[in-house]
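Step one of this worksheet: look at the structure below.
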Amino acid sequence: MTARPRLVLYNPTNAQNPKVVLPMSLLALAAVFGDIADWVLVDGNLEPDPATAMDRAIRDTRPDFLAMTVMPGPQLKQAVPLTRAIKSQYPDLQIVWGGYFPTQHWDVALGSGYVDWVVRGHGELVFREFLARWAAGEDCTGITGLAYRQPGTGEPMSNPMAPVPHPDQLPDFPYDRIDLRRYVRTTVLGHRTLSHHSSYGCPFFCNFCAVVNMVNGSWRAQSAERVAAIAKRYVDTARIDSLEFFDNNFFTHRARTREFAERISGLGLSWWGEGRIDTLLKYDASTWKVMADAGLRMIFMGAESGSDETLRRMDKGGKMSTDKTLEIAALMQSYDIVPEFSFVLGNPPDPEADAAGTMEFIKKVKKVNPRSEIIMYMYTPVPLSGELYDQAKAEGFAFPDTLEGWCDPDWEEFSQRRSSTMPWVHDNLRKRMRDFERVLNAYYPTSTNPRLRGGRRALLRGVSSWRWATGTYKFPLELRALHRVLKYQRPETTGF
């Protein structure tokens, strides 16, 4: 039996100008192994010099493990050189990665030589078992949900992913070990916003979504009573006025959603979450009123396309259609709740027709509900079998086979669904989509940017009105200049 393992938990920065958001994935880990291991948390989003802070934590605690959560994009871009440098300086330190990126690309992470272990999928119980076996001097390579380098050969190997744990059977985050007030921030919801993650997974199998590989159709949630109690704790401890839910699908269960809304109705909170259009259309009028009265201000939904055929090819599941997108836009306007729609443009096999059809459909959405927020992405494959991914591979698409390759600027854009390297999208089409987006964002400026008020919004709308009315999107040089002067930010980069 060895001593209690010591860990440094690290949350890489999430942007060039970091958003300070609760590191919920690491807090979920710490909640389940706090009785068998000693840990400290370093949040790169709070540190002016994350590398120095990490080095100081390692020197002070002399940990056995460095555990890091890694999302594609900015987090990965910071995590790769930092992990490589730490492994070079502390070669005996065991480095464990978890999160979306290594779950999908565990072989690339382990092939780097400086990541020793990967916890795949929801890793709370997997990591706890790993630490317990390590402390007992037992072999860890057979743990379900763990990927590793095979002893002797160093070849990356992976066990099957573990079942998704039930969040209602897991402890609360160790809030007493962090200062919640440091994570309060201003959003479109309010001046004092905190976040929570109340459910795991999603019961649908959209074939462009990375969540599918992690949960395989599972959805498990904390009870409405428990979620409301956490909201009250936030109010009492940090004096929040707003709450955002980072669940993959917060609104899956109507009765749970309604009960939660009823329980927080006296707290004076504004709140936001993510849901599915076809699911929300099944909610009855009284539930919509309860949610609106309890402060629901905005819902993020994947409208995805202006084509029913593309929705079928995406395997959206349920009873999703373009008519339902228009229906929910009108319904939410009647309750003064803002719909936030994401669209994926440029889908194979005919990306030009796909993009053109969806851009025209977005104009219909805006006509039905002008307050609708529109977020446009370019189709980017995930390693999940299906029509879209198979056609992308046929067009010559392939993921990078090294971590350094993933840090290339083109692949960082890919991770944020704004890539300029998709082989089936030519430069003219890419430019046409950007021009449309610029006109859209001028004629209907996002409400998620608090700097855009009054005269600024009127100026953008006035200058762009002729373009929107005539469908003339090409060469919007005047709008590009205005956006630069007004420091316009796209809705997906602000607010949440």
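Observations on the structure shown:
- Extension gain from K474 to D236, taking 0.36 nm per residue of separation minus the Cα-Cα distance: 80.5 nm
- Solvent-accessible area assigned to carbon and sulfur over the chain amounts to 50 percent, based on a 1.4 Å probe.
- Each DSSP beta bridge with both residues in the chain is either parallel or antiparallel, and the antiparallel ones are about 20%.
- Theoretical FRET efficiency, 1/(1+(r/R0)^6), r = Cβ-Cβ of D49 and Q16, R0 22 Å, to 0.05: 0.90
- Between S334 and R6, the distance separating the two model label sites (each 7 Å from Cα on the Cα→Cβ line) works out to 6.2 nm.
- Summed side-chain charge close to R177 - residues other than R177 whose Cβ falls under 13 Å, Lys, Arg +1, Asp, Glu -1: -4
- A full extension of the chain between D179 and A285 corresponds to an added length of 34.2 nm, given 0.36 nm per residue minus the alpha carbon distance.
- Distance between the pseudo-spin-label points of M157 and T141 (7 Å out from Cα toward the beta carbon): 0.4 nm.
- The Rg/Rh ratio of the range 75-166, with both radii computed over alpha carbons and Rh defined as the Kirkwood radius, is 0.95.
- Percent RCO, i.e. relative contact order, over the chain, from Cα pairs under 8 Å lying at least 6 residues apart: 11
- Inter-site label distance for I36 and V368 at 7 Å from Cα along Cβ, in nm: 5.0
- Annotation: the range 228-295 has a Kirkwood hydrodynamic radius of 12.3 angstrom, from the mean reciprocal C-alpha pair distance.
- Length-normalised contact order of the range 214-274 in % [C-alpha pairs under 8 Å, at least 6 apart]: 45
- Cross-link check: pairs K232/K363; K19/K363; K77/K366; K282/K367; K319/K367; K19/K364 evaluated at a Cα-Cα cut-off of 29 Å; pairs beyond the cut-off: K232/K363; K19/K363; K77/K366; K19/K364.
- Potential lengthening between E309 and D408 on full extension [0.36 nm per residue; Cα-Cα distance subtracted]: 32.3 nm
The values are calculated or read from the model by the stated rules, or taken from the named source; none is laboratory data. Fair warning: this is a prediction, and the values are worked out from it, not measured in the lab. Cβ: placed from backbone, ideal geometry, glycine included. Neighbour counts: every protein chain shown. Calculation scope for accessible area: heavy atoms of the full protein, side chains included, ligands and nucleic acids excluded. Shrake-Rupley method; radii C 1.70, N 1.55, O 1.52, S 1.80 Å.
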